[in-house]
Structure formats: structure tokens, C-alpha cells
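Below: one structure, written as C-alpha cells.
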Amino acid sequence: MSHQRLLLTEEQRALIGAVRTLAKDKDFQGNSIKYMDGTYPWDNLNELAKIGVLGMSVPEEYGGSNLRVFETVLVLEEVAKNCYNTAMALMGMLGVQVRVISTYAPESLKRDILPKVCSGENHLAVCMTEPHAGTDVPNYRTNTVINGSRAVVNGVKTLISRANEAEWFVVFTRIDGTPGKHGIGCVLVNRNTPGFEVTARYHTMGGEYLAEIQFNNCEVPVENVVLREGGFKKLLSAFNTQRCLNPSVSLGMAEAAFEEAIKYVRERQIRGHVVAEFQGIQWKLAEMYRDIEAGRALLYQAALSANPFPDPHQAATAKMFVNEMAIRVSNEALQVHGGYGFCDDYPISRIYRGVRYGTLGGGATEALKDLIGKKLVSDFDPVDGFLSMGNF
């Protein structure tokens, strides 16, 4: 969009331009259909590694560029415009996993893991959701028992991305059976650890696989316990990054759906008229554009609040709006395609399926509404009301 020239620095525009050029040269969009069967986009990620994208969230001393959450959002948005599955895989290299490691892990693990993240040798996954609990982190049952120089992990995680591809797993776990949120910490587990097992795989409507993972007496060095009791608040602060990255994928896909709709209605003719000439179609496009720009403003503001992690309520608000906006926009884009929008040969069909993930991952919309609503009620000043500029 043209207004980005006023908002972005030359360095940020150059970064987006490099990603855009790569995606075009390697035909990310044209090749996206081949990932719908669950094939992991290794080739695209390897190309992104060559231009430094996989190291964006990694500190410079470990080979990365240590860019902010805002730049990460810009890149994911651009990748998602071209290929949903590549964007989702890339999010695993830029999100909460790498930020937890770079912020809280001991030096030895940082030096072992992070340079390989930059090169694409190490892929990462985060393990939060359990069969009985998603965003209800204080009731997680996975437990890590610390015994001297060793720690033993037991439990089950489900709906985990990149379970067959990741080398390291950032596992939200209870520590020594301590109940409630105060007992939540974090441990790093390598996939080659005895007792680590992928026990089920679920193919999603977006194309990628999610999996169930069991940790059966997985013994790791105690240094791998990067956060012990009391780590709940730190982990959720880091997770607010994910609540900006997830909607950046939704935003990019909404833009892709919007562009596909415009291209289609400019070419399609009915009764001797180009469909784009009809007022009803123009109104649909105007509403889609309005929603995309509103979502962009909320998301960029939330990403710019990061220091080092985004403001939790701005991130929740942006995620809630952008996820739902992308569903609306892609639905309208499919509608203007008519029956062709229902066919897999048309990109809008894949976009429509991919955007549906947004409201489910990284905190369901209903949970975010609850978080925001409680904040509004507790912080409202009956005399002064809320501050302007969207701060509350």
C-alpha cells in the first residue's frame, strides 16, 4: 500500500523488497499448492535463510540481525501473501520459541542452538496445548522433576506444529509438581532425547500437519530448564510476540485474497460488462480495503509496543480483529469469484482455508475477548474515562 512509504524506513522497505523479490523469483505463490498435502516447505525456508530472514529474531552475537517484532511482522505479512504454509513454518523460526531461548536460556544453549536457527539447520517448535487444556496454562499436567544435574519430563502435548521437522522443542511444563500458575516453567527438549515420541499426526484444512507428542521420562540436563517456578508471567510475556506474528499471517492472506478478488473482477464479464463496473462489487472491495487498513493499523501499533515483548492488551486486540477480519475478507473474495472460488485451482480456495487457523492458534478469540474485557472493566476511570490514542 502506498502509505507504507510514509511509515517505513528505507531499511524496512529494503527488507520487504528483498523478501518480495525472492518470493517472486522462486514463485512462492505458484508453488504453494504443492504444500497442501502436508509437505514441509524446506526449499522456501532454505532460500529465506540465504537472505538472513531466519535469523531476524536472533541476537547479533549468535549470527542474527536482532530485528524488532515490527520488522518480523512486516516479513511474515509479505511471505503470507504468497504462501500460507511457508509463512506458518517461518513463524516457528521467528516467534516465541527463539525469543524464549535468546532471552532466558543459558549461554551454552544459546551458542549451540541459535546460530543453527539462522542457517536453517535447527528448526524450532513450541509445546503448549495439552489434550485437556489449550490457553488454560495454569492447569497443564506436563511435569518436569529436577533431580540434581538432571531433569525428567513427562506429559502429552497436542496440536503441535513442526513436530516431524523441529530439532528443539520449547515445552511449557509444570516444575516439580508445583500446582497452579506459579508452578509453570519451561524446558528445552531435543527431538533425539530418549522418550520423545510423536504419537499422532493431524492433517489440517490449511495443508500443514499438527501432531501429538509424548514425553515419557525424557531426561535432559538441568541447564535445559530455562525457566523454573514463577516463570508463568515471563512465558506469557514472550508469548505476546506470537499474538502479533499470528495476525501478521492473517493480514498478508487478507491482502492476497483482496488482490485475487480485484484481478478476477477486472477480467470477468457478465452480460457484456466487466464485473468490476458493478456498484455492488465496488462496495465489497471498498469494505475489504477498509477492514484490511484498520487491521493493519491495530497490528502495527501492537508490534511497535514491543520492549522487548508487545503490550499484551494491544496484541490481544490486534489479533482478535485481524484474525476475524481476514476470515471476512477472504470469504467476500471467494464470493466474488462465484463457483470458481470453490475450486482448488484458484488461489482464493487455499487462502480461504488457511485464514481459518488464525482465530484458533496463539489464543482463541474467545479467550482474548475475556482478557480484554476484564482489563477494560478493571482499568476504567469513572471520572476521566479512557486515555486517547488507544491506550487503556
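The values are calculated or read from the model by the stated rules, or taken from the named source; none is laboratory data. As the structure is a prediction and not an experimental result, all values here were calculated from the model. So basically every Cβ, Gly included, is an ideal-geometry build from the backbone, and we count neighbours across all protein chains shown.
Among the conditions (1) among the aliphatic types (A, V, I, L, M); (2) in contact with an Asp or Glu (Cβ under 6 Å, 6 or more places away or on another chain); (3) modelled with pLDDT under 95, M325 misses just one, which is (3).
If only one of R243, R266 is of a type in the set (D, E, K, R), within 30 Å of E77 (Cα to Cα) and in contact with a Pro (Cβ under 8 Å, 6 or more places away or on another chain), which one is it?
Numbers: R266 fails: in contact with a Pro (Cβ under 8 Å, 6 or more places away or on another chain).
The unique qualifying residue is R243.
Quick grid of which residues meet (1) without any contact (Cβ under 8 Å) to a residue 60 or more places away in the chain; (2) in contact with a strand residue (DSSP E or B) (Cβ under 9 Å, 6 or more places away or on another chain):
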residue: E267; (1), (2): yes, yes
residue: W283; (1), (2): yes, no
residue: E293; (1), (2): no, no
residue: A302; (1), (2): yes, no
residue: T317; (1), (2): yes, no
residue: Q335; (1), (2): yes, no
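If you take the residues in segment 250-275 that are over 21 Å from the mean Cα position of the chain (by Cα) and acidic (D, E), which one is farthest from T359 (Cα to Cα)? Filtering segment 250-275 for residues that are over 21 Å from the mean Cα position of the chain (by Cα) and acidic (D, E), the one farthest from T359 (Cα to Cα) comes out as E267. Here V73 passes the criteria (1) aliphatic (A, V, I, L, M); (2) closer than 20 Å to E121 by Cα; (3) modelled with pLDDT of 95 or more; (4) buried (at least 24 other Cβ atoms within 10 Å of the Cβ) except the one numbered (2).
Residues in segment 223-238 that are over 16 Å from Y140 (Cα atoms) and not small (G, A, S): E223, N224, V225, V226, K234. Within segment 111-139, the residues that satisfy the criterion of being surrounded by 15 or more Cβ atoms within 10 Å (Cβ to Cβ) and closer than 19 Å to E197 by Cα are N122, H123, L124, A125, V126, C127, M128, T129, E130. Meeting the requirement of 2 or more residues that are touching a residue at least 24 places away in the same chain (Cβ under 8 Å) and on the phi > 0 side of the Ramachandran plot, the strands (runs of 3 or more DSSP E) wholly within segment 71-177 are 150-161.
Scanning segment 240-248 for residues that are assigned to a helix (DSSP H, G or I), farther than 30 Å from G180 by Cβ and not assigned by TED's automatic domain parsing to the domain that holds V75 turns up at least one hit.
Quickly run through segment 200-226 and pick out the residues that are under 23 Å from the mean Cα position of the chain (by Cα), of a type in the set (V, I, T) and either part of a strand (DSSP E or B) or not assigned by TED's automatic domain parsing to the domain that holds K157 (or both). Matches in segment 200-226: I213, V226.
One residue stands out among those in segment 162-184 that are surrounded by fewer than 21 Cβ atoms within 10 Å (Cβ to Cβ) and among the polar types (S, T, N, Q): the one that is modelled with the highest pLDDT, which is N164.
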